Amino acid sequence: MTRPGNYPRYPRRYNLLMRIIFPSLALLVVCLGLLGTGCSAPRAYSLPDPSEPSDVLLMAPSMTDPIEPVNRASFALNEFLFAVAVEPATGVYNTLVPKPARTGIRNFRNNLFFPLRLVSNLLQAKWTGAGTETKRFLINTTLGVGGLGDPATHKYKLANTSEDLGQVFGHWGWESKIYLYVPLLGSSSERDVFGSATGLGLDPASLVPAARFGMGFNHISFSSRALLQMLKTEYDPYELAKMNFTLKRDAQVRDRQLGGKHEDTGQTQTLMAVYSRPKNQDFAKLADELEINPEGFARPLTVSLWLQKKRAPIAWILPGLGGHRLSTRALALAEQAHTEGYHVICISNNFNWEFIRSAPADYLPGYMPHDLAAIRAVQKAVTTHLTAKQVACHVTGQSLLGFSMGAWYTLNLAATSPPDTYEHAVAINPPLDLVHGLKALDRLYRTPGKDTRALRQTALLKIAVNQKQTPKQGAGMPFTDAEASYLIGLSYRITLRQAILSGHLNLDGRDLAARRRLYKRVNALSWEDYFTKILTPHLAQQAIPPTALPNASDLRQRQAGAIAAKSLHLVLTSNDFLLSDEHLNWFRANFPNQITYNEKGGHMGQLWKPKVYRAISEVIRRK
């Protein structure tokens, strides 16, 4: 990371510790109080009735959690331990130990699980699986030099069956009833804890506890970066961890397979967006975290900065709907701009919990004039800070780079600013009409209809596998259009849930029983419900008429300003579900020479392709 010599480095780890230590101690006190004295009465709150009550059945389920206070305390403790010990230690370990060596240790550990996987297959009468595990063990022990290599997978295509005694008990009819979160070990259940304890006798590594611990630490070193990102970017990482564990174990016990035929549609192409990643996996660590106090905001807001050591323009990165400033796609675009010589400043999206909790007390996102005013307040606060630190003299101009909803903000900021405000305003896959786009997300979420469980399980299993593959492998993943549609809708429905809970309903101070009831009620609300039953009445209290919201959501109401902004450049695809044919034609008619156009890609599913990356770089490249 390069920066002007007089610009201070902000203590990222200190900030992380402060965000973890105090909430952790507070949560522990709350939990002890709940266990000792019972639950206090929740504060009054109100939510509208959902327009489609059956939507609640489409939300990915989570295991029953009768000891949630204890589990949340354990999760908070785990956050603390991860921040002060595990993450720093794995960082040093990954630096000192080359990845091939760490991979060899991981392969060796996996090979030692052979007795456990063999017995688990036999106890479920999975004879083919038992045979596969035997072949894998013999091949990897011999050709793999004692298990350090994995030729069984890479050469002979014999995949690990991943069976364990927890799955055996599930196969025999034991359904998990109690979710458990164990510090350092993570999510589990009463069934899986018993299975793990029973399986110790089948694990040769248990004979040498120190070696077992060391190999376990080596395994964590591969996932520590992803875990840190989840802890920093998610509103309620505990809830997400529980949901992910529930879905994963259910699929494993029921032996859901990656069946089906790949359907090449805009929705399945959209899933390729997961491969839009920063080239440098540690790019997020190169950022400085700056706390600013925008005018009118209720709390300080954190933004991420990557500064050049020489004079350069600023590139403001505006993530998609609900996106965090450290989300993978935001980091990829930030890295691209930094590579092209920009100072980069990334702000969480207006619908992200971090932005909402810092915004003015009466703020709800979704009304364009208020959203733009909030973004401009952030820009002004950052600029003021840079001036105070004598960094502004190193700034030579500013540009906007946004994707999805961030691209919609990019277009509206450019359309409502003097034409020469931004050198570049690059909008990647924007909607034209925000309300139309969000209604499309509701339709995608409801794709499964009555066949919810089977489609949901196979879709979530495939996406879990997909994220670990290369783009070439992912392009062949057998997603159906219905599966992809549901996954897209689910992702943004969780975004809506976080936005409502962090803004309209502040969970701070609520007992856990009230939290559960709120989660269930919010899960039934749609994006249309948010705009018509939450945001519109909220605006009415400010004497803003109901017609103002749809007008503000449609960029065509600001057509003259958008056309006058010569700095605009759009990146579009022909099959983006956020755009109707009419919308796409409007963009192409009004900006004929300012579009990078692709026939395929769906919504941002083309960004991982080198030719698209190069096209964006050429647009923003400094002359």
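The values are calculated or read from the model by the stated rules, or taken from the named source; none is laboratory data. Every value quoted in this text rests on a predicted model; they were computed, and no experiment measured them. In this analysis, Cβ positions are derived from the backbone assuming ideal geometry, glycine residues included, and neighbour counts consider all displayed protein chains. Quick note on the areas: whole protein, heavy atoms, side chains included, nothing else; ligands and nucleic acids left out. Shrake-Rupley method; radii C 1.70, N 1.55, O 1.52, S 1.80 Å.
Quick notes on this one:
- Rounded to the nearest Hz, the phi-derived 3J(HN,Hα) couplings of the stretch 55-63 under the Karplus curve 6.51 cos²θ - 1.76 cosθ + 1.60 (θ = phi - 60°) are 4, 4, 6, 8, 5, 4, x, 10, 5, where x marks glycine and proline.
- With 28 Å as the limit, the listed pairs Lys242/Lys462; Lys285/Lys609; Lys472/Lys520; Lys126/Lys248; Lys285/Lys462; Lys248/Lys533 have Lys472/Lys520; Lys285/Lys462; Lys248/Lys533 beyond it between alpha carbons.
- Accessible surface, the stretch 223-268, averaged per residue in Å² (probe 1.4 Å): 47
- Charge dipole of the chain (Cα centre as origin; +1 on each Lys and Arg Cβ, -1 on each Asp and Glu Cβ, all else neutral): 1500 debye, rounded to the nearest 20.
- Karplus 3J(HN,Hα) series, Hz, for the stretch 183-193 with 6.51 cos²θ - 1.76 cosθ + 1.60 (x for Gly, Pro): x, 6, 8, x, 5, 7, 8, 4, 5, 6, 5
- Placed amide H near Val395: partners under 5 Å, 5+ positions off or other chain: Ala312
- Looking at the stretch 489-622, the accessible area is 41 square angstrom per residue; that uses a 1.4 Å probe and ignores ligands, DNA and RNA.
- Note that the stretch 302-313 has calculated 3J(HN,Hα) couplings of 9, 10, 9, 10, 10, 9, 7, 8, 10, 4, 6, x Hz, one per residue in order, obtained from phi through the Karplus relation 6.51 cos²θ - 1.76 cosθ + 1.60 (θ = phi - 60°); glycine and proline are x.
- Taking amide hydrogens as placed 1.01 Å from N in the peptide plane, the amide H of Phe577 sits under 5 Å from those of His603, each at least 5 positions away in sequence or on another chain.
- For trypsin sites (Lys or Arg not before Pro), the sites in the stretch 265-318 that DSSP calls loop and that have at most 15 other Cβ atoms within 10 Å are Lys279, Lys309, Lys310, Arg311.
- Put simply, the convex hull of the Cα atoms in the stretch 535-582 casts, on average, a shadow of 5.0 nm².
- Heavy-atom surface analysis with a 1.4 Å probe gives the chain a carbon and sulfur content of 60 percent of its accessible area.
- P(r) histogram, all alpha-carbon pairs of the chain included - 20 Å bins from 0, percent: 17, 52, 28, 2
- Averaging Cα coordinates gives a centre for the stretch 585-623 and one for the stretch 240-297; these two points are 23 Å apart.
- Taking amide H positions as modeled 1.01 Å from N, with prolines and chain starts lacking one, the residues under 5 Å from Ser51 and 5 or more places away or on another chain are Ser526.
- Computed with a 1.4 Å probe over protein heavy atoms only, the accessible surface of the stretch 71-211 comes to 50 Å² per residue.
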